[in-house]
Amino acid sequence: MDDYEKYKNECNKIRADNKKLLNDFRCWLQNKKLVDKTINNHISNVNFYINEFLLYYEAYEAKEGYNLIDMFLGNWFIRKAIWASCTNIKTNAASLKKFYTFMFEKGYISSEDLKELKEIIKEEMEEWLENLKRYYGL
């Protein structure tokens, strides 16, 4: 089996795991009493992150993705998502904070990992928004 076949197989395994994660995340959000529209937005944002971005260059599991958010929202999302906007960067950050809070509560990541994710978002948000404005000439 060549490297590409190994990569494809690993991605397929991760996507299957991600499907269960997203279902569990949906239940977690429902238990938080969020409305369906908000839940669906969070699921869509997280799905794009874990099933597109985290599998784009290499096959990263969702639990490994907490520290890749800077590359995602500061660059990749801006270039690859035709719907990228300042609002969408902020809503994706909020969705990913919720998702990784869920991941922490389930024991998939540590409190330090969650803290790092939140710090990255807080420290880099303005730069991400500026990157988007520069990219689109706004």
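The values are calculated or read from the model by the stated rules, or taken from the named source; none is laboratory data. Treat the numbers as computed from the prediction; the structure is a model and nothing was measured. Glycine also receives a Cβ, built like all others from the backbone with ideal geometry; neighbour counts cover every protein chain displayed. What goes into the accessible areas is simple: the full protein's heavy atoms, side chains included, and nothing from ligands, DNA or RNA. Shrake-Rupley method; radii C 1.70, N 1.55, O 1.52, S 1.80 Å.
Heads up, I need the accessible area for Y136: 1.4 angstrom probe, whole protein in place, Å², nearest 10.
Here the accessible area works out near 100 Å².
Direction-averaged shadow area of the convex hull around the Cα atoms of the chain, nm²? Mind showing how you got there, number by number?
Numbers: hull surface 35.2 nm².
Result: 8.8 nm².
Can you compute the charge dipole magnitude of the stretch 1-55 about its Cα centre, using +1 on each Lys and Arg Cβ and -1 on each Asp and Glu Cβ, nothing else charged? Give it in debye, rounded to the nearest 20. Write out the running numbers ahead of the final one.
Working: 10 positive and 8 negative charges, 85 e Å.
Dipole size: approximately 400 debye.
Span-like helices, the chain: DSSP H, alpha-carbon axial extent 20 Å or more, mean Kyte-Doolittle -0.5 or greater, which ones?
Working: long enough: 3-31 (41 Å, -1.55); 36-51 (21 Å, -0.65); 86-105 (29 Å, -0.09); 111-136 (36 Å, -1.28).
Correct list, ordered by number: 86-105.
For the stretch 15-87, place one equal point scatterer on every Cα, skip the solvent, and apply the Debye formula. What is log10 of I(q)/I(0) at q = 0.13 Å⁻¹?
-0.41
When only Cα pairs under 8 Å and 6 or more residues apart are kept, what is the percent relative contact order across the stretch 44-97?
Values: 21 pairs, mean separation 23.0, N = 54.
Normalised by residue count, the contact order of the stretch 44-97 is 43 percent.
For the chain, what is the calculated [θ] at 222 nm in deg cm²/dmol (nearest 500), taking -39500 (n - 2.57) for each run of four or more DSSP H residues and dividing by its residue count? Please report the intermediate quantities before stating the final value.
Numbers: 5 runs with 95 residues, N = 138.
Estimated from H runs of four or more residues: -23500 deg cm²/dmol.
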